[in-house]
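Heads up: the structure comes next, in C-alpha cells.
Just so it is clear, none of the values below were taken in a lab; they were calculated from the coordinates. Nothing here was measured: the structure is a model prediction, and the numbers come from that model. Positions of Cβ are backbone-derived with ideal geometry, glycine not excepted, and every protein chain shown enters the neighbour counts.
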Amino acid sequence: MRRTTRYPVSGANSLWHVYKTVPFWKVVRNFIVIQLARYTPFLSVKNSLYRTFLKVKVGKHASFALMVMLDVMFPEKISVGRNSVIGYNTTILAHEYLINEYRLGDVKIGNEVLIGANSTILPGVIIGDGAIVSAGTLVHKDVPAGAFVGGNPMQIIYTKEELAKRDLEAASKN
C-alpha cells in the first residue's frame, strides 16, 4: 500500500481547499520553475533548478527528460537517486486531491532506475534501486529493487532474479 497521509475536508471537494493546504505564491513559483525545466535541454541546469528552487533531492547524474512534470505543490517530497533516468513526459505526484480528503506522500526513486516515457508515479511509492518501469506505466504501488514492471495498473513483469536468469540464458546462447 502507498504511504500517504490523509487529510479530511468538509463541504466542497478538496481541490477547493487547495490554498489552505499550500501557499498560492509557492505554487506560482514552482509552476514557473517546472515549466522552465521541462523545456531546458541542459541536464545540469535542470537538476540545479530542481535542487535550488524546488528542494527536490536529486542524485548525481540523474536525468530528467524533456517535458517531465514534477508535483507543482509539493515537489520537496520527491527524491531521485543517482544515475536514474526519468523518461519523456513522465508525471511524478506527491499529492492527490479527492472529494472528501487530500493525501500527501513522499516519492522515492532509487539509484540507477529507468522510468519509461509517459509514466505516472503516484504519491507514497518507493521505486527500488535498479528497477525498470516500462513506458506508459501507472506506478500505484512500490516497485521492488531490480524488478521490471509495466502496465496500467502496474504489474511485475520480471523480478530481479528472473531478469538475472534471463540474462544468463541469453549470454549462454551467444
Pick from 108, 160, 77: which residue has the top mean-square fluctuation in a GNM of the chain where Cα pairs under 10 Å get a spring? 160
Can you work out the Karplus-derived ³J(HN,Hα) for every residue in the range 122-135? Use 6.51 cos²θ - 1.76 cosθ + 1.60 with θ = phi - 60°, whole Hz, and x for glycine or proline. 7, x, x, 9, 10, 10, x, 3, x, 6, 10, 10, 5, 4
For residue 18 and residue 60, extending 7 Å from Cα along the Cα-Cβ vector and measuring point to point gives, in nm, a value of 3.9 nm
With each run of n ≥ 4 DSSP H residues scored as -39500 (n - 2.57), what mean residue ellipticity at 222 nm is computed for the chain after dividing by its residue count and rounding to the nearest 500 deg cm²/dmol? -8000 deg cm²/dmol
Positive-end extreme of charge dipole, the chain - chosen from 58, 84, 119 (charges on Cβ): 58
Dipole in debye (nearest 20) - the range 5-172, about Cα centre, beta carbon charges: Lys, Arg +1; Asp, Glu -1: 640 debye
Gyration tensor (Cα only) of the range 33-76 to equivalent ellipsoid, semi-axes in Å sorted down, yields 14, 12, 9
Can you list residues whose amide H is under 5 Å from residue 143's amide H, if they're 5+ apart or on another chain and H is modeled 1.01 Å from N? 126, 127, 128
